[in-house]
Amino acid sequence: MESKKLSVKQNMLYNTIGSFVYLFCQWLITIVVVWFSNYENAGILSLAMSVNNIFFTISTFGLKHYQVSDIENKYNDIEYVVTRCITCLSSTFICLLFVLINSTHYSFYQSACIIVYFVFKISESFIDVFQGIQQKKYRMDFVGKSYIIRGILTLLSFTATIKLTGDLMISLLAMTLLSILITLAYDFNICKKLSDFSKKIDWKKICLLLKENFPLMINAVFMTGMVSVARFFLELYVGEEILGIYSSIATPTVIIQTACNMIYVPLVTEYAVYYSNKDEKSFKKLIFQVCGAFLAIFVVCTFGVLLLGNFGLKLLFGAEILKYSYLLLQTMIVTFMVAVMYWLSAILVVERKQKLVMVINGVAILLNIIISMIMIPIYKIEGINYVLFIVLAVDILLLTIAVWWTTNKHFKY
């Protein structure tokens with residue numbers, strides 16, 4: 001089983017199909033909550049998702065790209081898994097502390113939904129490290145199958161429960177329990193066959209792994225916060241119903257980030273191989289190929305929004321949402337910029353420039369907080385995209401300069 005390796009194209013195909021199915025199912029959940037409930041519950045779900053994006057990032061420690069680009073096996077698979085256990089415990093403490101601190105702002109029901117959805121994201125966090133093992137073994141067929149199984153079953157469980165009960169929290173709980181079961185029964189068992197989990201745990205190396213990649217965790221929080229912070233201020237200043245409307249409009253645009261992720265994520269290990277071997281031609285060729293693919297995705301999605309945007313929004317959410325349809329193209333551009341930010345940051349991680357990428361995205365998140373506090377109270381729902389246009393443009397410019405400088409320096413010397 002371990003000796004069989006799939007080609008890069010095969011891995012990309014499995015990852016693409018699986019990722020698309022899973023994220024499409026997750027997107028449908030945000031639609032289903034509107035169909036069988038209301039915009040208030042859609043806002044609560046969006047709040048739980050936005051808040052838990054930060055805690056999920058802490059639990060993953062931003063290690064995925066580092067793990068799959070560790071081609072010299074500085075750390076073994078069991079050390080990555082044990083590290084994930086530690087980071088998940090840490091994020092659990094932080095999540096509970098956050099809910100406690102904000103108990104006067106959030107209702108008990110909102111807090112309960114945040115906690116239940118957090119447990120769901122913890123199951124995803126463990127799947128993330130298991131998929132890292134599978135990707136390094138060039139077996140992303142298991143990744144694709146896991147995505148498809150979890151996507152379909154979690155969607156069905158959520159839909160059935162919310163239709164029967166109308167209760168968002170109970171529906172999230174049903175989805176969460178099923179996700180945990182799939183993680184243990186499928187993903188964990190696959191990794192036990194691909195890797196040797198009986199190896200002795202070296203706690204010094206685990207401490208070193210956490211210390212070395214602490215900047216990556218901070219950076220991952222910053223990147224996740226690019227959108228989550230702006231949404232937090234939108235809910236704070238305008239309310240959860242408006243956040244629910246914005247989130248509903250934004251959900252179709254996730255396809256552009258998904259498509260971009262499908263392109264570059266399976267190539268991270270290839271970047272690492274070319275970088276380690278100082279194969280400048282192949283490394284830069286891969287960068288330009290990804291740029292071309294990103295541009296093609298952007299053009300196709302732009303035409304799709306212009307031609308079918310209003311029809312799609314009306315079909316999914318009803319005619320009443322069309323007064324906000326002008327936000328769709330703006331939000332799609334923002335989502336594309338987010339995808340570019342993640343890709344450029346991944347290249348810097350491959351080049352082991354953890355501190356540099358942390359500083360750049362840290363500057364951007366600070367700018368995000370400042371501008372959000374100024375513009376969102378003034379421009380309301382329109383303000384969130386204004387904020388993100390400015391912040392992401394600055395961030396992408398700085399990241400591009402950093403990639404150009406570090407890459408040329410490496411291959412020159």
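Among helices (runs of 4 or more DSSP H) lying entirely in segment 198-280, which contain 2 or more residues that are touching a residue at least 24 places away in the same chain (Cβ under 8 Å) and polar (S, T, N, Q)?
214-238, 240-250, 254-264, 268-276
Has segment 170-192 got at least one residue that is outside any helix (DSSP H, G or I), out of contact with any Pro (no Cβ under 9 Å at 6 or more places or on another chain) and either surrounded by fewer than 20 Cβ atoms within 10 Å (Cβ to Cβ) or not assigned by TED's automatic domain parsing to the domain that holds I384 (or both)?
Within segment 170-192 (the criterion being outside any helix (DSSP H, G or I), out of contact with any Pro (no Cβ under 9 Å at 6 or more places or on another chain) and either surrounded by fewer than 20 Cβ atoms within 10 Å (Cβ to Cβ) or not assigned by TED's automatic domain parsing to the domain that holds I384 (or both)), the answer is no, since none of the residues qualifies.
From the residues in segment 36-46 that are at pLDDT below 85 and not hydroxyl-bearing (S, T, Y), which one is surrounded by the most Cβ atoms within 10 Å (Cβ to Cβ)?
A42
Residue-wise test of (1) crowded, with 18+ Cβ neighbours inside 10 Å; (2) modelled with pLDDT of 90 or more; (3) not polar (S, T, N, Q).
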{"site": "F93", "(1), (2), (3)": "no, yes, yes"}
{"site": "L97", "(1), (2), (3)": "no, yes, yes"}
{"site": "L100", "(1), (2), (3)": "no, yes, yes"}
{"site": "F108", "(1), (2), (3)": "no, yes, yes"}
{"site": "C113", "(1), (2), (3)": "yes, yes, yes"}
{"site": "F120", "(1), (2), (3)": "yes, yes, yes"}
{"site": "K136", "(1), (2), (3)": "yes, no, yes"}
{"site": "S146", "(1), (2), (3)": "yes, yes, no"}
{"site": "R150", "(1), (2), (3)": "yes, yes, yes"}
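May I ask you to verify whether V300 is aliphatic (A, V, I, L, M) and exposed (fewer than 15 other Cβ atoms within 10 Å of the Cβ)?
Yes; evaluated as a whole, the condition is true for this residue.
Would you check if there is a residue in segment 40-60 being outside the structural domain of P252 (by TED's automatic domain parsing), polar (S, T, N, Q) and out of contact with any helix residue (DSSP H, G or I) (no Cβ under 8 Å at 6 or more places or on another chain)?
No, there is no match, as no residue in segment 40-60 is outside the structural domain of P252 (by TED's automatic domain parsing), polar (S, T, N, Q) and out of contact with any helix residue (DSSP H, G or I) (no Cβ under 8 Å at 6 or more places or on another chain).
I'd like to know if segment 95-115 contains one or more residues that are more than 21 Å from the chain's Cα centre (by Cα) and either among the basic types (K, R) or outside the structural domain of G62 (by TED's automatic domain parsing) (or both).
no
Before we move on, is T302 of a type in the set (S, T, N, Q), touching a helix residue (DSSP H, G or I) at 6+ places or on another chain (Cβ under 9 Å), part of a helix (DSSP H, G or I) and free of Cβ contacts under 8 Å to residues at least 60 places away in the same chain?
Yes, satisfied.
Which of the residues that make up segment 195-227 are aromatic (F, W, Y) and within 12 Å of Y66 (Cβ to Cβ)?
Of everything in segment 195-227, just one residue is aromatic (F, W, Y) and within 12 Å of Y66 (Cβ to Cβ), namely F214.
Report the residue count in segment 1-35 for those that are surrounded by fewer than 17 Cβ atoms within 10 Å (Cβ to Cβ), closer than 30 Å to I170 by Cα and not hydrophobic (A, V, I, L, M, F, W, C).
Residues flagged as surrounded by fewer than 17 Cβ atoms within 10 Å (Cβ to Cβ), closer than 30 Å to I170 by Cα and not hydrophobic (A, V, I, L, M, F, W, C) within segment 1-35 amount to 0.
Of these, V403, V394, V349, which one is surrounded by fewer than 17 Cβ atoms within 10 Å (Cβ to Cβ) and either among the β-branched types (V, I, T) or more than 23 Å from K284 (Cα to Cα) (or both)?
So the residue among V403, V394, V349 that is surrounded by fewer than 17 Cβ atoms within 10 Å (Cβ to Cβ) and either among the β-branched types (V, I, T) or more than 23 Å from K284 (Cα to Cα) (or both) is V394.
Do we have any residue at all in segment 239-261 that's in contact with an Asp or Glu (Cβ under 8 Å, 6 or more places away or on another chain) and charged (D, E, K, R)?
The answer is yes, given that some residue of segment 239-261 is in contact with an Asp or Glu (Cβ under 8 Å, 6 or more places away or on another chain) and charged (D, E, K, R).
The values are calculated or read from the model by the stated rules, or taken from the named source; none is laboratory data. In this text, all values refer to a predicted model and were calculated from it rather than measured experimentally. Because the Cβ atoms are built from the backbone with ideal geometry, glycine has one as well, and the counts that use them run over all protein chains shown.
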